[in-house]
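Chemist: First the structure, then my questions, so here it is.
Only the coordinates and a few stated rules stand behind these numbers; no lab work does. This is a predicted model, so every value here is computed, not measured. Reconstructed Cβ throughout: ideal geometry from the backbone, glycine too, with neighbour counts over all protein chains shown.
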Amino acid sequence: MIVVTGGAGFIGANIVKGLNERGYDDVIVVDNLEQGDKFRNLTDCEIADYCDKRDFLAALESGRYGRVKAIFHEGACSDTMNHDGLYMMRNNYDYSKALLAYCERERAQFLYASSASVYGAGRVFEERREVEAPLNVYGYSKFLFDQYVRRRRCACQVAGFRYFNVYGPREQHKGRMASVAYHFFHQYLTTGQLRLFEGSGGYGPGEQRRDFVSVEDVVKINLYCLDHPRASGIFNIGTGRAQSFNDVATATVNAVRRHRGEEALDTEELRKRGILVYIPFPEALVGKYQSFTEANIGALRAIGYDAPLASVEEGVGRYVARLWSAGHEDAKAPV
């Protein structure tokens, strides 16, 4: 058996689908379906069972699922605007410790989601303690579990993935937490414009830069570590190249224009035509916003992962093609 927590969510459901494509259908999905529309992420997936996250630890300890080969632990509260520290620590930190204890005892592989938010407002993105300073309690919950892992001599494979800005299919349920590529697509279809932040953090309008990584690459990296059980550690998961929000906006618009049979336009022309517009930077994000992220992926390359990683132009182009597909669930506007 293979367990995927958060398996009805964005990255988790993509991992389930990736496992299916490898021939695995003995997959246990663990999630919280109080937000019921997440079920759509699993309708094209084959799973052996579903378990609510509140019941799962007891079911696991009871031996209900027999021999568990690996746990992909993607389940967490990822809302950076949720300031309920008690909930965040129980949900993200304590739950993760319990799963790790099980994997150590049973010698199961433990592959878990960390976050680039552990780096806070820093400018260096390497898996080193001295450059880690999260800005919110979500980032702290992820940071603290990474620290917990570092202090242990784990008796099983433990691989933590510090995801940077992930985008791609199966994120339609995330509302405001969905990727900018998703929001840009819907903004352009409904208004003909894209709204980006004015300058902040020393960057010009729309020029704040992030490491945007396709969920396709995220899944490939997770499955690579499943195939290589000696690959333990904490790894940045990005492309290693920061690109601007203007780049994402331009790639999104041009992918739509391509489907409409229209010519591509560069960023400056999109500005001139009023397609890219800039709105004031929100007060609520002052001091809590990463204006620049760029993953150092040396540790990932060091364990042998040498596949190319999609640029914004490549990955967003493929994503928009999927969103464009008539009748596809991902193309529905967020509620």
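Chemist: Starting with the fewest neighbours, write out THR267, THR239, THR43, THR252 ranked by other beta-carbon atoms found within 10 Å of each beta-carbon.
Modeler: In order of increasing Cβ crowding within 10 Å: THR43, THR267, THR239, THR252.
Chemist: Determine which lysines satisfy two conditions relative to LYS142: a Cα distance under 20 Å, and not lying fewer than 8 residues away in the same chain.
Modeler: Reachable lysines: LYS53, LYS97, LYS174, LYS288.
Chemist: Still on this model: Can you give the extra length, in nm with one decimal, that the chain gains between ASP44 and ARG176 once fully stretched, where that is 0.36 nm per residue apart less the Cα-Cα distance?
Modeler: Length gained between ASP44 and ARG176: 45.1 nm.
Chemist: Quick one: length gained pulling GLU313 to SER325 fully straight, 0.36 nm per residue minus the C-alpha distance?
Modeler: 2.5 nm
Chemist: Rounded if a/c is under 1.5, else prolate if a/b is larger than b/c, else oblate: which is the stretch 5-119, with a ≥ b ≥ c the root eigenvalues of its Cα gyration tensor?
Modeler: oblate
Chemist: Around ARG209, with a cut-off of 12 angstrom between Cβ atoms, what is the net charge of the other residues, counting Lys and Arg +1 and Asp and Glu -1?
Modeler: Neighbourhood net charge equals -1.
Chemist: Okay, moving on. Post the alpha-carbon centroid distance, the stretch 212-239 to the stretch 90-128, in whole angstrom.
Modeler: 14 Å
Chemist: Nearest 10 degrees is fine. How inclined is helix 137-150 to the longest principal axis of the chain, computing both from alpha carbons?
Modeler: Relative to the chain, helix 137-150 is tipped by roughly 40 degrees.
Chemist: What distance in nm separates the two pseudo spin-label positions at GLU106 and ASP306, each 7 Å out from Cα along the beta-carbon direction?
Modeler: Roughly 3.5 nm, to one decimal.
Chemist: By counting other Cβ atoms within 10 Å of each Cβ, how are TYR140, TYR319, TYR224 ranked from fewest to most?
Modeler: By the 10 Å Cβ count, ascending: TYR224, TYR140, TYR319.
Chemist: So, one more: Quick query: amide H of SER114 versus all other amide H atoms, modeled in the peptide plane; which residues come in under 5 Å with a sequence gap of 5 or more or a different chain?
Modeler: For SER114, the qualifying residues are PHE161, ARG162, TYR163.
Chemist: Could you work out the local net charge near THR267, counting Lys and Arg as +1, Asp and Glu as -1, over the other residues with Cβ closer than 13 Å to its Cβ?
Modeler: Value of the local net charge: -3.
Chemist: Taking the chain as the reference, fit the longest principal axis to its C-alpha atoms, fit the long axis of helix 215-227 to the helix C-alpha atoms, and give the angle between the two in degrees, 0 to 90, nearest 10.
Modeler: Result, in degrees: 20.
Chemist: Compute the FRET efficiency between LEU33 and ARG273 as 1/(1 + (r/R0)^6), taking r as their Cβ-Cβ distance and R0 = 41 Å, and round to the nearest 0.05.
Modeler: My answer for the efficiency is 0.45.
Chemist: Let me ask you something else. What does a probe at GLN147 reach in the stretch 231-256, counting residues whose amide N is under 16 Å from the point 7 Å along Cα→Cβ?
Modeler: none
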